[in-house]
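Laboratory data are not the source of any read-out in this text; all were calculated from the coordinates shown. These numbers come from a predicted model, not from an experiment. Cβ placement follows ideal geometry from the backbone for every residue including glycine, while neighbour counts extend to all protein chains displayed.
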Amino acid sequence: MATRRALVLSSLLLLGGCFQQSGTNISKLLPSDYQASYQVARICRLSVAHNSNYMVVYANTLAESDYLGGNYPLPQGSTIVTAETDRPDCMGVTGYTLMFKDVLGYNAAAADWHWQKLDAQREVLQDGRVQECIDCHASCGPYDYTCAH
Ligand code: HEC
């Protein structure tokens, strides 16, 4: 009986673990209210480099003035995000990319940027020191790995 109870208990725990995991991969780097709390840094435009999506670029308060003013490098804590869609009016966002200036030493070789690609629900698809993001953004020039000016 005790074994049976232990079994039931452990399967419940396992199930609980599974339920907990689903939906917990929401990005902590992009708040759900970003449209209200971030500034639009660039209005809707086609981006050939990002799979020919249309994108609006947003910057958080920390990044905003330096990013728009072209003062590089951007400060620690800066977040810049693209809201992307295949629609030329940029409505109906299908996903995001973002770059977050992480703690000093996070990735010293590439200016400590932390990269993420998210789906429409802000679930993380790619995360961290993502080499393909770094490689292409490094080729944009001396703008602290940013490309949209
Ligand atoms: C093939 C080149 C290329 C790749 C790969 C790429 N990007 Fe970009 N990205 C650009 C360019 C160019 C822009 C500027 C928008 C435009 O005009 O296309 C941009 C813009 C951005 C911006 C807006 C901020 C800025 O000024 O750069 C973010 C955030 C971003 N990309 C994140 C990412 C992430 C995250 C990845 C990887 C998952 C990634 N990018 C992969 C070329 C690239």
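Take every Cα pair under 8 Å whose residues are at least 6 apart in sequence, average their separation, divide by the length of the stretch 32-138, and the relative contact order is 17 percent. Among E64, E84, E123, sorting on how many other beta-carbon atoms sit within 10 Å of each Cβ, with the fewest leading, yields E123, E64, E84. Were the residues from T61 through E123 laid out at 0.36 nm apart, the gain over their Cα-Cα distance would be 20.0 nm. Between N25 and D86, the distance separating the two model label sites (each 7 Å from Cα on the Cα→Cβ line) works out to 2.3 nm.
From the Kirkwood radius over Cα pairs of the stretch 97-149, Stokes-Einstein at 25 °C and 0.890 mPa s returns a whole-number translational diffusion coefficient of 214 µm²/s.
Computed over the stretch 32-138, the alpha-carbon pair-distance distribution with 10 angstrom bins reads 15, 47, 35, 3, each value a whole percent.
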